[in-house]
Each structure stands twice: as C-alpha cells, then as structure tokens.
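The values are calculated or read from the model by the stated rules, or taken from the named source; none is laboratory data. Quick caveat: nothing in here was measured; it's all calculated off a predicted structure. Cβ coordinates were reconstructed from backbone atoms using ideal geometry, including for glycine residues, and neighbour counts include every protein chain displayed. For the accessible areas, the whole protein counts, side chains as well, though only heavy atoms, and no ligand, DNA or RNA atoms are used. Shrake-Rupley method; radii C 1.70, N 1.55, O 1.52, S 1.80 Å.
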Amino acid sequence: MAGWGRALRGTSEVARPRWRDELPAAVAAAAAHPGRALAMGLARSYGDSGLNFGGAAVDMTALDRVHAFDAETGVIRADAGLSLDGLIRLALPRGWFPPVVPGTKFVTLGGAVANDVHGKNHHRAGTFGAHVRRLSLRRTDGTVHEPAAGDPLFAATVGGMGLTGVIEWVELQLEPVAGAFLEVEDIPIGSLADFFALSSESEASHAQTVAWIDCTRTGRGVGRGIFTRANWSQRPDRPLHRAPRLAVPIDAPGFTVNPLTLRAFNAAYYGLRRMNAGKAERHYDPVTFPLDAVRGWNRIYGPAGFHQHQCVVPPAAAPEAMAELLNEIGRSGEGSFLVVLKTFGDRPSPGLMSFPMPGTTLAIDFRNRGEATLKLLERLDAIVRAAGGRLYPAKDGRMSGAMLAAGYPNLDSFRAHLDPGLSSAFWRRVQP
Ligand SMILES: Cc1cc2nc3c(=O)[nH]c(=O)nc-3n(C[C@H](O)[C@H](O)[C@H](O)COP(=O)(O)OP(=O)(O)OC[C@H]3O[C@@H](n4cnc5c(N)ncnc54)[C@H](O)[C@@H]3O)c2cc1C
C-alpha cells in the first residue's frame, strides 16, 4: 500500500469490518500484531502518517452508516468511515454542507478528525474539529470513550493522527447553505505583496479565500498567481456533484513533469486564468474540489510518485519566509502545477497536534527525484523552522523528529494520550 503521494510503499495486514459489531474484534486482533495497529480512511494522506507498514491496519471505509441526522438543526452523527462525498449527497439536498472541507471530498469523517483538516474558509470557520461536538473512541484495551469538545481526550484525538484510539462515530454541526453555488471572483496578482493585501482585505468580506501561485518565478516575479475569493450564493438550486469523468489510467512517465514543462504549463495556466478573471457563479464541485474531476491524478508524477511540502508560518514572519521559500523553489527548477497559498485565521484549533495556526500556509507538490528532492525539502524545512513555523504531518513522508518537535509545542502533552496498541510509519520515524 502507498500514501496519496505514492513515494512510500509497504505492506500491512488489513482488516475491513463491514458491521459495527465486527469492529471490537477487528481492533483487538490488529492491536495484537507485533507491529501494532492503525485505523485507515480513504488513504488521502500523502506520506506515511496514515499507514502502518509492517503492522496491522483497520480499514474503516465500510463502516459508513448515518446514525442520526436532524434536518432542522444540521447536526449529524455518523460512522467514522462515512466520506464527505457521501455526507454531501445526503445533506446538500436538505440545505446543509460540511462546515469545513479539504481540497478533496474523498476523505472520511475519521480521517478529517484525525488530521483536523482545514479548508479555504479557515479564516472564518477554523478547522474541522471546531465543528465536532462529540465522538466515540475505541481504545485497544477494549474501553470506549465519548469525549466532547473541551475534554482532554477530545483535544488529543482531534489532529491526533489516529494514535489515541479508533474513532467509531463523529457528531458534527453542519453549515446551512441556500444551494450548491458559489459567487467566485478570480483576481490576477503580480507579487506576494498583492497576495497579502488581498488576503487581509478579503477576510471580512469573503468566506473562502485561496491563491494559486506560479512557483517557477523568482526575484521580483515571486508570488505571481491568481487569488480566488468566494461566498455561498443565495441561488436555491441544489444539483449534486457527479462521479469523476476523467481518469489517469496508467503512470505517466516521470519526465512529464520537468522544469521545461513546468514553466510552459504555469505560464499558459496563468495566462488563461488571467484572461478569464472576474466574477462568476459556479457550482461548488469544480471550485472546492477541482482535483476530484480526474480520478487517479496522482499518477501524473510517474512511478516514483511525489512528495508534498505544506507549512504554516506565523503572520509576522510570513512575508519574508514565503518569499524565501518561493525563491528557493523557483531557483531549484522543481515544484509543480499545484501550489496553494492561503492565510489561516486566528480561531484556535481544538487539537493538541492540529496543524493550523494563525499565519500563512504554502502547499506544493514535488516529483520524487530521490536524494535531490529530499535535500531541497530539507532546505525548505530550515526556512520554515527559522520562521517559527511547522509542517503538516498529513502531507509528510520524510520530516525529522526534530522538525516535528520544533513545530508542535504540545507534543509531550499529546504523548500522555497515546494508545499503546497503535502506531504508524510516520510516528515511528519521528521518535527521538
Ligand atoms: C487532493 C487532496 C487535497 C487535499 N486538501 C487538503 C486540504 O485542503 N486541507 C487539509 O487539511 N487536508 C487536505 N488533504 C489531506 C486530507 O484531507 C487528509 O489527509 C485526510 O486526513 C485524509 O482522510 P482519509 O479519510 O483519506 O484518511 P487517511 O489518509 O486514510 O488517514 C488519515 C489519518 O486519519 C486516521 N484515521 C482515519 N480513520 C480513522 C478512524 N476511524 N479512527 C482513528 N483514526 C482514523 C489515520 O490513522 C491517519 O492518521 C488533501 C488530500 C488530497 C488527496
């Protein structure tokens, strides 16, 4: 098995319970494995934080039933294996939407809690965990706990990377929406200064903000891109998203993504989006989940896969650190078409190990070219660390234990809540 980036591969013994009453035995058997156990969702984490190579795994995706849904209040309680795809199909026709969504709808509730995921509305809504009221957690000693927001075990489990227990169900407050459409505005930007100015201007007026950046630019051209801001439209129609219609059926040759194609693609993409910039009403699917349109898009980087580097840097250090990061990437000739820049707001994350904190986040994919890529990523780590920032474990397959410890001041408090029957490849790698 592999993470979404496909750069790291290994094997695990996987159990897939289909009924709720099969879960206790599946968890107990998995935890008895010498390599211990880990719950798995839809494996949309990029590196190894969702994988337990050499151990056991409990695939939660068949446990996807809804226990209760109140269409008046928008409170839903469902099995942790329910995907956001499934949740939207149920809730949107009734006027509700998940309060926070990542860039793909193919993640489970359990995965969204365990990484305390964020979306384009972070500056308003905070993280996914901020909307979870209560959850059920099965520990490998057979005990079951139902921590609510504010409880210490809740804080350890939200963003806890599956290491505090197996989440059985999640109770979530959904967001009311009039329909399925967003009023979207695309604004070309020529520099990082433009990004920061537009970002702070849009925080009060727009529920969603994000920028695509051309990572091939250096010097004065750094930060060229397209800033997108959006609000839910009042248009009442509620057509649902459809299944992906395109697919990448085989691995593209690794050389497809190279400095030449990258420059050409980014210039053409920028030109096209600039030409079509302005305001439009669009369905949530292409705006919120653009990559979901192509099934298996992660194969475009070739058989060796790719790494993603996602950091967040505090506000005061962000302008300088983002320029340094983008210059380093531009000079390297590496990087990709997928570069996202976004400002996080100051709503506190409920998890001890939640990634989001106030500041600016940059996420970028790099084709896996072995040692050269790892060296570049280490140079980026050094910039993030010097700026007082941190990396996102959900996107990581290679950060050091020192990097994790430097970015996560609650690491020791988190350790107190670990379930000794659980582990992951990521967790073993970052131990001191
Ligand atoms: C195209 C794309 C875009 C993305 N965009 C964003 C984004 O904008 N923001 C963001 O925050 N993330 C983003 N992500 C990352 C993704 O949201 C997270 O990695 C998410 O946690 C994946 O959920 P999953 O169901 O696939 O879980 P997995 O990847 O399978 O597992 C993730 C973690 O959850 C744990 N877990 C899963 N189920 C349970 C359970 N029932 N009990 C306990 N632990 C469990 C696992 O042990 C693991 O630690 C993106 C990923 C992709 C592929």
*asked:* Looking at D194, D214, can you tell me which residue is crowded, with 17+ Cβ neighbours inside 10 Å and at pLDDT 95 or above?
replied: D194
*For the range 237-251, how many residues meet the condition of being more than 22 Å from the chain's Cα centre (by Cα), surrounded by 10 or more Cβ atoms within 10 Å (Cβ to Cβ) and at pLDDT below 85?*
1
*Residues within the range 1-46 that are surrounded by fewer than 19 Cβ atoms within 10 Å (Cβ to Cβ) and hydroxyl-bearing (S, T, Y), tallied*: 1
*In the range 136-161, which residues are assigned to a loop (DSSP other than H, G, I, E, B) and closer than 23 Å to G35 by Cβ?*
R139, T140, D141, G142, T143, G160, M161
_Long-range neighbours under 6 Å by Cβ, at least six apart or interchain, first residue more than 14 Å from V287 (Cα to Cα) within the range 237-248, second in a loop (DSSP other than H, G, I, E, B)_ = D237/G179; R238/G179; R238/A180; P239/A180; A247/G296; V248/G296
*Set T127, T164: member being within 18 Å of T343 (Cβ to Cβ) and in contact with a His (Cβ under 8 Å, 6 or more places away or on another chain)*: T127
*Residue by residue through the range 270-284, note down the ones that are open to solvent by less than 70 Å² (accessible area, probe 1.4 Å), farther than 19 Å from H206 by Cβ and either touching a strand residue (DSSP E or B) at 6+ places or on another chain (Cβ under 8 Å) or within 16 Å of the ligand (Cβ to nearest atom) (or both).*
Y270
*Being under 19 Å from P356 (Cα atoms) and open to solvent by less than 30 Å² (accessible area, probe 1.4 Å) is the filter; apply it to the range 88-103 and report the residue that is nearest to the ligand (Cβ to nearest atom).*
P102
*Candidate set from the range 255-266 (those that are in contact (Cβ under 8 Å) with a residue 12 or more places away in the chain and open to solvent by 50 Å² or more (accessible area, probe 1.4 Å)); member that is farthest from T373 (Cα to Cα)*: F265
_Just to verify a result, which residue in the range 114-135, among those that are among the hydrophobic types (A, V, I, L, M, F, W, C) and more than 11 Å from the chain's Cα centre (by Cα), is nearest to L51 (Cα to Cα)?_
L135
*Output for the range 136-161, where each listed residue is within 16 Å of A416 (Cα to Cα), more than 23 Å from the chain's Cα centre (by Cα) and touching a residue at least 40 places away in the same chain (Cβ under 8 Å)*: R139, T140, D141, P152
*Please go through the range 197-219 and pick out each residue that is of a type in the set (A, V, I, L, M, F, W, C) and either within 16 Å of the ligand (Cβ to nearest atom) or out of contact with any strand residue (DSSP E or B) (no Cβ under 8 Å at 6 or more places or on another chain) (or both).*
A197, A204, A207, V210, A211, W212, I213
*Given (1) closer than 19 Å to Q308 by Cα; (2) open to solvent by 30 Å² or more (accessible area, probe 1.4 Å); (3) outside any loop (DSSP other than H, G, I, E, B), index of the condition A406 fails*: (1)
*Condition met for T164 (free of Cβ contacts under 8 Å to residues at least 12 places away in the same chain, of a type outside the set (F, W, Y) and closer than 30 Å to A37 by Cβ)*: no
*Is there a residue in the range 281-298 that is in contact (Cβ under 8 Å) with a residue 24 or more places away in the chain and more than 25 Å from G119 (Cα to Cα)?*
no
*Select from the range 47-82 the residues that are surrounded by fewer than 22 Cβ atoms within 10 Å (Cβ to Cβ) and outside any loop (DSSP other than H, G, I, E, B) and list them in ascending order.*
D59, V66, H67, A68, F69, D70, V75, R77
*From the list E328, E334, E378, E320, which residue is out of contact with any Gly (no Cβ under 8 Å at 6 or more places or on another chain), closer than 27 Å to H123 by Cα and either without any contact (Cβ under 8 Å) to a residue 12 or more places away in the chain or more than 13 Å from the ligand (Cβ to nearest atom) (or both)?*
E320
*Confirm whether D85 is out of contact with any helix residue (DSSP H, G or I) (no Cβ under 8 Å at 6 or more places or on another chain), modelled with pLDDT of 95 or more and within 11 Å of the ligand (Cβ to nearest atom).*
yes
_Going residue by residue through the range 120-134, is there one that turns out to be assigned to a strand (DSSP E or B) and surrounded by fewer than 22 Cβ atoms within 10 Å (Cβ to Cβ)?_
yes
